[in-house]
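Following: one structure in structure tokens, then a few remarks.
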Amino acid sequence: MQKILIVEDEEAIANLIKINLEAEGYQCVCAFDGKTGADLIEEGTFDLILLDIMLPEINGYELLEYVRPMGTPVIFLTAKGSVDDRIKGLKLGADDYIVKPFQIGELIARVEAVLRRYGKAKQKLAFADVEIDVISRTVTKANVPVELTVKEFDLLVELIQNKNVALYRERIYEKVWGEAFMGDTRTLDSHIQRLRKKLGWENYIRTVFRVGYRLEDAT
């Protein structure tokens with residue numbers, strides 16, 4: 001289980017992030033000021049740090065400089081959204097930069113993307129009653145095996161790793177098929193239809209008008 005440190009002085013935001021990440025299967029620890037964050041980093045090992053910039057005692061920039069030699073990935077979460085602030089954060093070594101307010105779905109997708117980049121991605125994924133073993137490339141629905149083609153499997157992983165995020169057709173196609181999107185949506189659309197049918201996910205994989213698709217909890 002990946003362990004994530006959340007350093008955020010607004011306790012309501014920190015706890016909201018913690019609840020949602022723990023629902024995704026992560027182990028989370030919160031610190032509400034920079035000094036406590038530094039103490040926790042010194043005492044333990046984390047797979048990822050979510051770091052506010054405007055913190056009491058030790059600010060996020062200073063804490064990032066302390067963390068950087070350890071090689072732990074860091075995502076800035078901050079209200080400082082100017083281009084100069086983003087450039088400064090990324091130049092200092094942050095792996096991503098998310099401006100408040102943000103959607104929880106986007107945050108989770110960014111967390112998973114950074115962990116994948118560092119080879120720390122989850123080996124097993126789950127959504128609704130479907131479980132995926134990424135290593136063995138097997139899928140079960142309510143513990144019953146589901147046979148998917150290579151592209152159907154890759155498409156399913158892409159949707160789950162970005163759940164609750166609207167994905168453009170061109171992005172999905174280029175990620176799953178590994179080639180430039182030329183405007184023909186038939187291949188992707190047919191794979192989406194087959195995936196919906198095989199998994200019974202007509203109410204989970206939503207079509208987003210003029211955009212593409214989004215995997216979301218059925219209501």
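Descriptive notes on the structure:
- When LEU21, LEU16, LEU50 are checked against the criterion of being closer than 16 Å to LEU107 by Cβ, in contact (Cβ under 8 Å) with a residue 40 or more places away in the chain and part of a strand (DSSP E or B), LEU50 stands alone in meeting it.
- Restricting segment 86-120 to residues that are assigned to a loop (DSSP other than H, G, I, E, B) and free of Cβ contacts under 8 Å to residues at least 24 places away in the same chain, the residue that is nearest to PRO73 (Cα to Cα) is ASP95.
- Considering ILE172, ILE205, ILE192, the condition of being modelled with pLDDT of 95 or more, over 25 Å from LEU48 (Cα atoms) and under 20 Å from the mean Cα position of the chain (by Cα) is satisfied by ILE205 alone.
- The set of residues in segment 141-154 being in contact with a Lys or Arg (Cβ under 9 Å, 6 or more places away or on another chain) and part of a helix (DSSP H, G or I) consists of VAL150, GLU152, PHE153, ASP154.
Conditions tested, residue by residue: (1) modelled with pLDDT under 90; (2) in contact with an Asp or Glu (Cβ under 9 Å, 6 or more places away or on another chain); (3) hydroxyl-bearing (Ser, Thr, Tyr); (4) under 20 Å from ILE4 (Cβ atoms).
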site	(1), (2), (3), (4)
ARG68	yes, no, no, yes
PRO73	no, yes, no, yes
LYS80	yes, no, no, no
LYS91	yes, no, no, no
ALA109	yes, no, no, yes
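- Considering residues of segment 170-214 that are of a type in the set (Lys, Arg) and touching a strand residue (DSSP E or B) at 6+ places or on another chain (Cβ under 8 Å) only, the residue surrounded by the most Cβ atoms within 10 Å (Cβ to Cβ): ARG214
- LYS163 meets each of the listed conditions (1) more than 29 Å from LEU21 (Cβ to Cβ); (2) in a loop (DSSP other than H, G, I, E, B); (3) basic (Lys, Arg) apart from (1).
The values are calculated or read from the model by the stated rules, or taken from the named source; none is laboratory data. This is a predicted model, so every value here is computed, not measured. All Cβ positions, glycine included, derive from the backbone under ideal geometry; neighbour counts span all protein chains shown.
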